[in-house]
């Protein structure tokens, strides 16, 4: 292998190392100390979060809380919005009943989207008051996936699914409702420094070639 080839191989290997460390199927924010709470009107509800600088979250599933794990009374739209632009980035519909699989108290559907650093709102629509599905609220603590920081609970009355970032501080940590599963990748600064040296070496070798 030529020196140029060795430098390229080293650069690729180091960059791959820099973005390693993801784990699959992790609940984005796992709340504790709350209770099941009824919803008495059509409502968009959820929570706001920040993805830290340099981190990437790959959304693998969107979910809606199934109190008791015995099926949902209604179907629920769930989506993640960019808080600054209000743009819907990824969404899905969780069916009523037992159709969709249950993971850690959430009925889930597959999704695929990468969230870079920034502020986002995950929102779920509860379409009915009487007989609506309970949400989980009033949590006293929550365990976040790496690279994610919880900001505030959000919610607002609405007749249809859509963006909301209206803070609901009385709910303590989040309104679940909606949640998601993701893998997380936090690049290691030292690895990128090594990658830089490797790429610099590649450039030096290239310049020396006749």
Exercise. Within the range 55-76, can you find the residues that are within 15 Å of the chain's Cα centre (by Cα) and assigned to a loop (DSSP other than H, G, I, E, B)?
Worked result: 55
Seminar exercise, completed: Those residues of the range 115-128 that are in a strand (DSSP E or B) and either more than 20 Å from residue 150 (Cβ to Cβ) or in contact with a helix residue (DSSP H, G or I) (Cβ under 7 Å, 6 or more places away or on another chain) (or both) come to a total of 2
Exercise. Taking residue 79, is it surrounded by 18 or more Cβ atoms within 10 Å (Cβ to Cβ) and not in a loop (DSSP other than H, G, I, E, B)?
Worked result: yes
Exercise. Does the range 154-176 hold any residues that are under 18 Å from the mean Cα position of the chain (by Cα), more than 17 Å from residue 40 (Cβ to Cβ) and not in a loop (DSSP other than H, G, I, E, B), and which are they?
Worked result: 154, 173, 174, 176
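For residue 161, state whether it is at pLDDT 95 or above and under 20 Å from residue 74 (Cβ atoms). So that I can check it myself, show each step before the final result.
Details: at pLDDT 95 or above: yes; under 20 Å from residue 74 (Cβ atoms): yes.
Here the answer is yes, as residue 161 does meet what is asked.
Any residue that is within 20 Å of residue 58 (Cα to Cα), at pLDDT below 95 and assigned to a strand (DSSP E or B) - is there at least one of those in the range 89-100? Talk me through it step by step, then tell me what you get.
So the first thing to find is which residues in the range 89-100 are within 20 Å of residue 58 (Cα to Cα), and the list is 89-94.
Now drop any that are not at pLDDT below 95, which leaves none.
For the range 89-100, residues within 20 Å of residue 58 (Cα to Cα), at pLDDT below 95 and assigned to a strand (DSSP E or B): absent.
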For this session: State which residue pairs qualify: first residue without any contact (Cβ under 8 Å) to a residue 24 or more places away in the chain and inside the range 89-108, second residue part of a loop (DSSP other than H, G, I, E, B) in any location, beta carbons under 8 Å apart, and separation of 6 or more residues or different chains.
Result: 93/75; 95/75
Exercise. In the set 123, 166, which member is without any contact (Cβ under 8 Å) to a residue 40 or more places away in the chain and either in contact with a strand residue (DSSP E or B) (Cβ under 6 Å, 6 or more places away or on another chain) or under 18 Å from residue 80 (Cβ atoms) (or both)?
Worked result: 166
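The values are calculated or read from the model by the stated rules, or taken from the named source; none is laboratory data. Note that the coordinates shown come from a computational prediction; the quantities given were computed from them, not determined experimentally. Cβ sites come from the backbone with ideal geometry, for glycine too, and all protein chains shown count toward neighbours.
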